[in-house]
Ligand SMILES: [Ca+2]
Ligand SMILES: [Ca+2]
């Protein structure tokens, strides 16, 4: 991915020329306009995030065996070990994100809310018809803010997953597979993607857990496709040559953050578990969302 390309993407997408925004463009496809919602309320009940349990374990992170599409930044495959954690079964939904907004915990400038026309119409937060769709148009900064808000309101240590935790979970506790369902190519039976039509013909997102055949062994939905997901790590193209084995958390320096799993506007190969995207933490792409762990 090139940063130059990403800069152009933002401008192209501002006019909602979707066709220009569907590639492996580093998390920057889609809308990036200023939000304006600011209503707050003191009596919001924080959402309960359904989770699946992951046991501690070690696995090969990076290119899966036999993956001909694996890219340089996914190499070398290397052993990584993570502790046990609880993973959000779904991408954080628009309704869950709206609770944070209504409670004053999520800053409008860090995400884009839906409006009835223009470029915001494909952002889900604020659209009553998309309550069960994933929150999209959220920056990495908005995702971390949501996590901090939910942790503060519930007392649980909610946070973004590390890239290693995300990948371990997508592999169903670390299996050597290309996709959550195995090695068969990504299609609309398993995931919400671009199969020649954005979102399998339904632009943009689908309600979370619409593609049960693509779930992980533990039951996590949409790890591949629907929205690509922010993880906590900074991006480093050569990070896998130096990553530690135990609980790696990414490079300590770098401006961009990692996105995983591909999205409704991405071709199937970009939904590979080991695929890595990099995005500026301020970018609010209509193909980008997140899930949390604790
Ligand atoms: Ca996803
Ligand atoms: Ca990539």
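The table below gives the values:
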read-out	value
Qualifying residue in region 255-275 (condition: surrounded by fewer than 24 Cβ atoms within 10 Å (Cβ to Cβ), without any contact (Cβ under 8 Å) to a residue 60 or more places away in the chain and away from ligand 2 (no atom under 16 Å from the Cβ))	yes
Residue match in region 167-179 (condition: without any contact (Cβ under 8 Å) to a residue 12 or more places away in the chain, under 23 Å from residue 47 (Cβ atoms), assigned to a helix (DSSP H, G or I) and more than 16 Å from ligand 2 (Cβ to nearest atom))	no
Residue match in region 211-228 (condition: farther than 23 Å from residue 158 by Cα, touching a strand residue (DSSP E or B) at 6+ places or on another chain (Cβ under 9 Å) and either within 16 Å of ligand 2 (Cβ to nearest atom) or at pLDDT 95 or above (or both))	yes
Residues that are at positive phi and within 11 Å of ligand 1 (Cβ to nearest atom), drawn from region 210-234	222, 225, 226
Some residue of region 237-248 being more than 16 Å from ligand 2 (Cβ to nearest atom) and either buried (at least 24 other Cβ atoms within 10 Å of the Cβ) or closer than 26 Å to residue 111 by Cβ (or both)	no
Breaking point among (1) crowded, with 24+ Cβ neighbours inside 10 Å; (2) more than 11 Å from ligand 1 (Cβ to nearest atom); (3) under 11 Å from the mean Cα position of the chain (by Cα), for residue 291	(2)
Residue list for region 65-112, restricted to those being within 16 Å of ligand 2 (Cβ to nearest atom) and either within 20 Å of the chain's Cα centre (by Cα) or buried (at least 20 other Cβ atoms within 10 Å of the Cβ) (or both)	67, 70, 71, 73, 74
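The values are calculated or read from the model by the stated rules, or taken from the named source; none is laboratory data. Only a predicted model underlies this, so the values are computations on that prediction, with no experimental measurement involved. Glycine also receives a Cβ, built like all others from the backbone with ideal geometry; neighbour counts cover every protein chain displayed.
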